[in-house]
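Engineer: Please read through the structure below; I'll follow up with questions.
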Amino acid sequence: MKKNLNNIIKLKIFIPLLIIVASASVFITQKALTATNNAKFISQTVPLTITTGSTTTVSVVMKNTGTSSWTKAANYKLGSQNPQDN
C-alpha cells in the first residue's frame, strides 16, 4: 500500500509540472512567431553644409533592438519620414 501511495504522490506532483512546462513551451513558441520591429539610433556622420544640387556621403548607424531580422528579401530599408522616402 505504501508503494502505491508514493506513486500517487509522485503523479500528483508530476502533472502540474508537465502543465507548467507545456504552457511555457507554447508561450516561447508563440513569442518567436510574432517578431517585432524596433530600432535605436546610434550615430550619424553628416557634413555641416551641403550645397544645393550636390551629392554627398552620409552615415547613419542604427541598432536593431527588435526581434525581426532586417533583410533585403523582407524589403527592409532606411528612409526619411518628412517627407517620406524623399
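Engineer: Over the C-alpha atoms of the range 42-86, what are the Rg and the largest Cα-to-Cα span, Dmax, in Å?
Structural biologist: 13.6, 39
Engineer: Given H placed on each backbone N at 1.01 Å, which residues far from Met62 in sequence or on other chains put an amide H within less than 5 Å of it?
Structural biologist: Long-range HN contacts for Met62: Ile42.
Engineer: If I model a spin label at Ser59 and Thr34 as a point 7 Å from the Cα along the Cα→Cβ vector, what separation in nanometres do I get?
Structural biologist: Result: 3.8 nm between the two label points.
Engineer: Out of residues 5 or more away from Ala39 or on other chains, whose amide H comes under 5 Å of its own, with H placed 1.01 Å from N in the peptide plane?
Structural biologist: Thr65
None of the figures in this text is laboratory data; all of them are computed from the coordinates on show. Quantities reported herein were computed from a predicted structural model and do not represent experimental measurements. A quick note on method: Cβ atoms are made from the backbone with ideal geometry, for glycine too, and the neighbour counts reach across all protein chains shown.
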